[in-house]
Amino acid sequence: MTIKSYAKVNIFLKIVGLRGSYHEINSRFMIVPNLYDLLEFKPKDCDDFTIEGDFSCPTTSNIIYKVYRLLKEEYPKVEIFFKTHKVVVEKNIPEFAGLGGGSSNGAAFLNLTNKVLNLNISHDKLADIGSQVGSDIPFFIYGYKSANVSGVGEIVKEFKEELVDIETFTPSNIKPSTKDVYARYRDSFLDNMDKELSSKLLKQTSHDILNKYQPNTLNDLLAPCLKLYPDLNSYIKEGSFLSGSGSTVFRRRDG
């Protein structure tokens with residue numbers, strides 16, 4: 001069985017508070033239907049948990065491996081199953097892009113394992129497991145096409161709307177660090193927090209939002225990202241928006 005692991009874009013991303021070292025957000029997540037990885041389990045005798053795919057990190061640093069470790073602690077048959085199966089991922093979502101590829105893979109792994117092994121774990125519990133590894137995982141667990149995401153990513157509410165027809169472009173020479181971008185925001189841009197606008201955006205459709213607002217208004221991480229990675233300036237043109245803290249710019253195909 002093969003499962004699609006979709007990319008997402010942040011239609012908007014507003015910082016609304018701090019929680020220790022974390023940043024509380026209000027954001028609209030929307031999947032990109034034509035951009036996805038493929039994840040499946042294939043029979044193979046494995047001494048250790050095995051992931052095959054074009055990843056830039058070792059297995060022990062992979063989000064899939066991290067959620068596997070949490071899942072097997074409570075469900076022993078998960079470890080048994082992956083002694084005789086490997087995880088194979090066909091990667092199409094760029095890394096360091098703000099598209100949630102790693103989190104999407106982690107969620108796809110949790111959902112597929114739950115189904116194949118008949119674990120009968122609720123979406124809420126899977127989201128809780130995933131949130132311990134990646135803040136974007138809960139969104140992908142629920143399988144919503146569009147949702148308002150808040151807190152530190154753990155609060156996900158479906159937003160029913162017509163999807164925006166989006167095209168993405170990811171510069172191959174720019175690989176932002178999410179940690180560094182958020183740190184620069186906290187150091188230099190915290191006074192720009194706009195909770196009132198954030199609340200208004202949660203109620204508007206994504207089509208209307210992209211029609212009304214400028215990129216720097218919609219994504220609080222754009223300014224710190226440009227400070228750290230000035231080469232991005234050449235890609236933020238009229239009608240183009242930055243997704244999350246990554247390097248991907250997106251635009252409406254009809255825009």
Taking Asp136 and the conditions (1) in contact with a Pro (Cβ under 9 Å, 6 or more places away or on another chain); (2) in contact (Cβ under 8 Å) with a residue 60 or more places away in the chain; (3) in the same structural domain as Ile63 (by TED's automatic domain parsing), which numbered condition does it fall short on, given that it satisfies the others? (1)
By residue number, the members of the stretch 234-250 that are assigned to a loop (DSSP other than H, G, I, E, B), within 15 Å of Ile11 (Cβ to Cβ) and more than 15 Å from the chain's Cα centre (by Cα) are Gly239, Ser240
Of a type outside the set (S, T, N, Q), over 27 Å from Asp128 (Cβ atoms), loosely packed, with under 15 Cβ neighbours inside 10 Å and free of Cβ contacts under 8 Å to residues at least 24 places away in the same chain, is that true of Asp208? yes
Identify, please: which residue in the stretch 156-168 is out of contact with any helix residue (DSSP H, G or I) (no Cβ under 6 Å at 6 or more places or on another chain) and touching a residue at least 60 places away in the same chain (Cβ under 8 Å) and is, among those, farthest from Gly239 (Cα to Cα)? Phe159
Answer residue from the stretch 60-71, given it is within 19 Å of the chain's Cα centre (by Cα) and without any contact (Cβ under 8 Å) to a residue 40 or more places away in the chain and is farthest from Asn111 (Cα to Cα) among those: Ser61
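Table: residues versus (1) in the same structural domain as Tyr68 (by TED's automatic domain parsing); (2) part of a helix (DSSP H, G or I); (3) over 28 Å from Leu242 (Cα atoms).
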| site | (1), (2), (3) |
| --- | --- |
| Glu95 | yes, no, no |
| Ser103 | yes, yes, no |
| Leu112 | yes, yes, yes |
| Lys115 | yes, yes, yes |
| Ile121 | yes, no, yes |
| Lys125 | yes, yes, yes |
| Gly130 | yes, yes, no |
Kindly check whether there is at least one residue in the stretch 212-231 that is exposed (fewer than 14 other Cβ atoms within 10 Å of the Cβ), outside any helix (DSSP H, G or I), assigned by TED's automatic domain parsing to the domain that holds Pro171 and among the charged types (D, E, K, R). no
Selection from the stretch 103-125 of residues among the small types (Gly, Ala, Ser) and surrounded by fewer than 21 Cβ atoms within 10 Å (Cβ to Cβ) yields Ser122
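Per-residue answers, yes or no, for (1) surrounded by 16 or more Cβ atoms within 10 Å (Cβ to Cβ); (2) free of Cβ contacts under 8 Å to residues at least 24 places away in the same chain; (3) of a type outside the set (Lys, Arg); (4) within 27 Å of Phe109 (Cα to Cα):
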| residue | (1), (2), (3), (4) |
| --- | --- |
| Ala127 | yes, no, yes, yes |
| Thr170 | yes, no, yes, yes |
| Lys175 | no, no, no, yes |
| Tyr185 | yes, no, yes, no |
With respect to Lys145, determine if the residue is in contact (Cβ under 8 Å) with a residue 40 or more places away in the chain, in the same structural domain as Lys66 (by TED's automatic domain parsing) and charged (D, E, K, R). yes
Check the stretch 40-51 and report whether any residue there is of a type in the set (Phe, Trp, Tyr) and surrounded by fewer than 16 Cβ atoms within 10 Å (Cβ to Cβ). no
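The values are calculated or read from the model by the stated rules, or taken from the named source; none is laboratory data. Note that this is a predicted model, so its numbers are computed, not measured. All Cβ positions, glycine included, derive from the backbone under ideal geometry; neighbour counts span all protein chains shown.
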